[in-house]
1. Restricting to the chain, what percent of DSSP beta bridges are antiparallel, rounded to 5?
2. Using alpha-carbon pairs under 8 Å, 6+ residues apart, how would you state the relative contact order of the chain in percent?
3. Among all the lysines, which ones have a C-alpha under 19 Å from Lys91's C-alpha, if same-chain residues fewer than 8 places away are not counted?
4. Hey, any idea what the orientation-averaged projected area of the convex hull of the chain's Cα atoms comes to, in nm²?
5. In degrees from 0 to 90, rounded to the nearest 10, what is the angle of the helix 28-44 Cα long axis to the longest principal axis of the chain?
6. Provide Thr213, Thr8, Thr13 in ascending order of the number of other Cβ atoms located within 10 Å of each residue's Cβ, fewest first.
7. Under the classification rounded if a/c is under 1.5, otherwise prolate if a/b is larger than b/c and oblate if not, where does region 46-163 fall, given a ≥ b ≥ c as square roots of the Cα gyration tensor eigenvalues?
8. Of the options Leu9, Asn43, Ser131, report the single residue whose Cα projects farthest towards the positive end of the charge dipole of region 5-195 (beta-carbon charges: Lys, Arg +1; Asp, Glu -1).
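Read the figures in this text as sums done on the coordinates, not as results from a lab. This one's a predicted model, so the numbers in the text were calculated from it and none came from an experiment. Heads up, the Cβs are rebuilt from the backbone with ideal geometry, glycines too, and the neighbour counts pull from every protein chain shown.
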Amino acid sequence: MSSPLTYTLEGTTAVLRMDDGKANALSEAMIDALVDAITRAENEAAVAVLVGRPERFCAGFDLKIMMSSPQAAQALLRRGADMLMRLYGAKLPLVAACTGHALAGGALVLLTGDVRVGAAGPYRLGLNEVSIGLPVPVLAMELARDRLAPSELAHATLASRIYGPEDAVRAGYLDEVVPAERVLARAMEEAARLSGLAKNAYAATKERLRGRTIEHIRRTLDDDMKSLLPSA
């Protein structure tokens, strides 16, 4: 089985391309590939760019696994939480090139990016948990609290508001929107800018900015998983 992610080093920029041929769901294979890729990038690159496939940035957690059993769902969520924290706390700048839809877990991947460039188009971005009868996990709530505009936090979580790209800038999911054909090029421009910053200073400052949130998510994960999936 081929990997759902390809890794290339372009100068000092690591480009991580997610493409499972479908919706870029967070399967076990995708999660493991993301962890491996960000670890490799930290060791050999100055900056990383995470990009999706055309019209699909990243879907939520793989529904086949999530629906198979509470135990399988909990295992996938734990694995995914570790991956998201690795991306959020990456020791190098991470630019997200959002090529299309980013819902639920995909929106969380987007929120881990230091700079997020989105494609203009009829795309949907956001946390849809409450609208499908699920509470927003602590993991998602704390990432949203860190990254979204305070005025949009309740709309984005309690009300499950889903945003188009332009409104996603206002909400805080994206930093800017460009034509779809320009998304990767614009992300690479941002990567070049960020690569000029002192790597150790960047990593230390990111830890100061995000370390408390990451520690809180990791500390509360077990209890939160039990409340979300009580029969697991």
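1. Antiparallel bridges make up about 25 percent of those DSSP assigns within the chain.
2. About 20 percent, as a whole number.
3. Lys199, Lys206
4. 11.7 nm²
5. Computed tilt is about 30 degrees.
6. Listing Thr213, Thr8, Thr13 from fewest to most nearby Cβ atoms yields Thr8, Thr213, Thr13.
7. Taking the square roots of the gyration eigenvalues as a ≥ b ≥ c, region 46-163 is rounded.
8. Ser131
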